[in-house]
Amino acid sequence: MILVWLIAIPIVGGLAAWTAGKAHEQASKWVALFTMVAEFALAVLLWVRYYQAATTSEAGVWLIQWAVPWIPAYGISVRLALDGMSLLLVVLTAFVGLLSVAVSWSGITRRVPFYFFNLLWILGGVVGVFLALDLFLFYVFWEMMLIPMYFLVGIWGHENRVYAAIKFFIFTQASGLLMLLAILGLAFAYDAQTGTFSFNYADLLEAQVSGAYGMWLMLGFFVAFAVKLPAFPFHPWLADAHTEAPTAGSVILAGLMLKTGAYGLIRFVVPLFPEAAVTFAPWAMTLGVIGILYGAVLALGQRDLKRLVAYTSVSHLGFVLMGIFAFNELALQGALLEMICHGLSTPALFIVVGILQEHLHTRDMERMGGLWASVPRMGGIAMFFAVASLGLPGLGNFIGEFFVLVGTFRVNAPAAVLGSLGLVGAAIYSLWIIQRAFHGEPRERWTLPDLNVRGMLVFAPMVVVLVWLGVYPQPVLQTTATTLRGIRDAVTGTVQYDPLNHRAVLPAEEAAVDTVAGEEGR
């Protein structure tokens, strides 16, 4: 039942915040705060309690499972499960959710109770996505987190909020419907093979889907998750949604919702369709490399500070896409670590941008400059997260991207080499943020307050965690090692490695590869 509580706390808390706000508007803030404190405490307690089990259990063993029938005639159940990967992502969700409540405290003045209702329901949907092991239930949670985000952008966003909200909704809803068709196609395939209709993840892992049919089903899942990631060329919704969203909306988008796309690729695309995923891997890696470089170029062309930070996500999450389709444990560990570190550093930059916009009423870097003299603490915080974003050694982002590049090099050296050029672009646009906004001569006369104690307390945990992950990432790596090894093993027999050409090969090619390798040895 503890898994049910992880989902129920933000959902019930959202209803309570809306109800309490009708009696006293400010009460909704406190209800939301206490809700996320409880969620975060429960998530951390689970990590402490199950850390040892996550590091020592056999591959494929879940830490906690809970299931009850829902629509048994169609094989649909409420099936929840927690492993090392989902455990860490739930902890991240609770932390970012607590952060989003904090940054909304004084910035939201209209329809406050309804705002916190939507905010908490997004978080409940995200937790459900990370825990659901029935694919029908997964789709329910996938849709559940989209509608409140549509309202968050459309009601509390900036000037072009309606356009951005509709664009976000069309992209995500259309891709979600494509995934629903793929889920049904997979369930029908399992029914044809076994005579049993089921949406249970464990059952569908046994479905034999190959050839063109398997490829089309895999692409249905891939596109849905690539849109949310977002991967090139499915990214056009991102910059508008980030730019027009309120600060907390940008924090949740960057910190959590983009991670649901990466999670879906790891959890569903690779294990459910191993043969199709291997065939598609070179294309997926190519899209990852294009995203890394194209996202960096787009970021360099921005004057709007918030759009610049938004496009950095396209670049950084290109590393995640590349690492997932490298099909080795090192690259998968790097991809997951990059997800977590990006989920901290980029939301922090969005918070800085939100503070600047609140006081300067502009995001145009051409109008900024020379701010460090008046807000040195904010400048120092911005500098820290900018260098974290560029992958400075000693911080968690560097470890994640380094693991991805090394793991990718083992199977696709050209992709790794080209992807590493994205680090150069990251260094340029990250330092450009600091140079154009905080250094140089002031272009206009600005008066704004520096971060107070409460503001510094918001950023302090993220600073500590990024330094910790950069210096000693072992707790995170050990928590997820068993899960990622199990996912890698799920494609054992489908994925092998060509030691001469650094590429993944199918079983039919193994004999030829072994023969060539043996001749090279002689």
In segment 247-282, the residues that are surrounded by fewer than 24 Cβ atoms within 10 Å (Cβ to Cβ) and over 21 Å from VAL223 (Cβ atoms): THR247
Which residues, taken from segment 283-304, are surrounded by fewer than 24 Cβ atoms within 10 Å (Cβ to Cβ) and not β-branched (Val, Ile, Thr)? TRP283, ALA284, LEU287, LEU293, TYR294, LEU298, LEU300, GLY301, GLN302, ARG303, ASP304
Qualifying positions in segment 403-436 - of a type outside the set (A, V, I, L, M) and within 14 Å of LEU332 (Cβ to Cβ): PHE403, GLY407, THR408, ARG410
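If a residue has to be open to solvent by less than 60 Å² (accessible area, probe 1.4 Å) and not basic (Lys, Arg) to count, how many in segment 140-173 make the cut?
Taking segment 140-173 first, the residues open to solvent by less than 60 Å² (accessible area, probe 1.4 Å) are 140-146, 148-149, 152-158, 164-165, 167-168, 172-173.
Checking which are not basic (Lys, Arg) leaves us with 140-146, 148-149, 152-158, 164-165, 168, 172-173.
Of the residues in segment 140-173, 21 are open to solvent by less than 60 Å² (accessible area, probe 1.4 Å) and not basic (Lys, Arg).
Look at TYR190 and say whether it is assigned to a helix (DSSP H, G or I), among the hydroxyl-bearing types (Ser, Thr, Tyr) and touching a Leu at 6+ places or on another chain (Cβ under 9 Å). First the steps, then the outcome.
Numbers: assigned to a helix (DSSP H, G or I): yes; among the hydroxyl-bearing types (Ser, Thr, Tyr): yes; touching a Leu at 6+ places or on another chain (Cβ under 9 Å): yes.
Against the criterion (assigned to a helix (DSSP H, G or I), among the hydroxyl-bearing types (Ser, Thr, Tyr) and touching a Leu at 6+ places or on another chain (Cβ under 9 Å)), TYR190 qualifies.
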Segment 351-391, residues that are assigned to a loop (DSSP other than H, G, I, E, B) and either touching a residue at least 60 places away in the same chain (Cβ under 8 Å) or surrounded by 18 or more Cβ atoms within 10 Å (Cβ to Cβ) (or both): ARG363, MET368, GLY369, GLY370, SER374, VAL375, LEU390, GLY391
Please go through (1) open to solvent by 10 Å² or more (accessible area, probe 1.4 Å); (2) more than 17 Å from the chain's Cα centre (by Cα); (3) at negative phi for ARG111 and return the number of the only condition it doesn't satisfy. (3)
Residue selected from segment 195-231 under the condition of a type in the set (S, T, N, Q) and over 26 Å from the mean Cα position of the chain (by Cα), by the criterion nearest to PHE169 (Cα to Cα): SER198
Any residue in segment 151-173 that's within 10 Å of HIS242 (Cα to Cα): show its pairings with residues that are of a type in the set (S, T, N, Q) and open to solvent by less than 50 Å² (accessible area, probe 1.4 Å) at Cβ separation under 6 Å, as long as the two are six or more apart or on different chains. none
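The values are calculated or read from the model by the stated rules, or taken from the named source; none is laboratory data. Fair warning: this is a prediction, and the values are worked out from it, not measured in the lab. Note: ideal-geometry Cβ built from the backbone for every residue, glycine included; neighbour counts use all protein chains shown. Quick note on the areas: whole protein, heavy atoms, side chains included, nothing else; ligands and nucleic acids left out. Shrake-Rupley method; radii C 1.70, N 1.55, O 1.52, S 1.80 Å.
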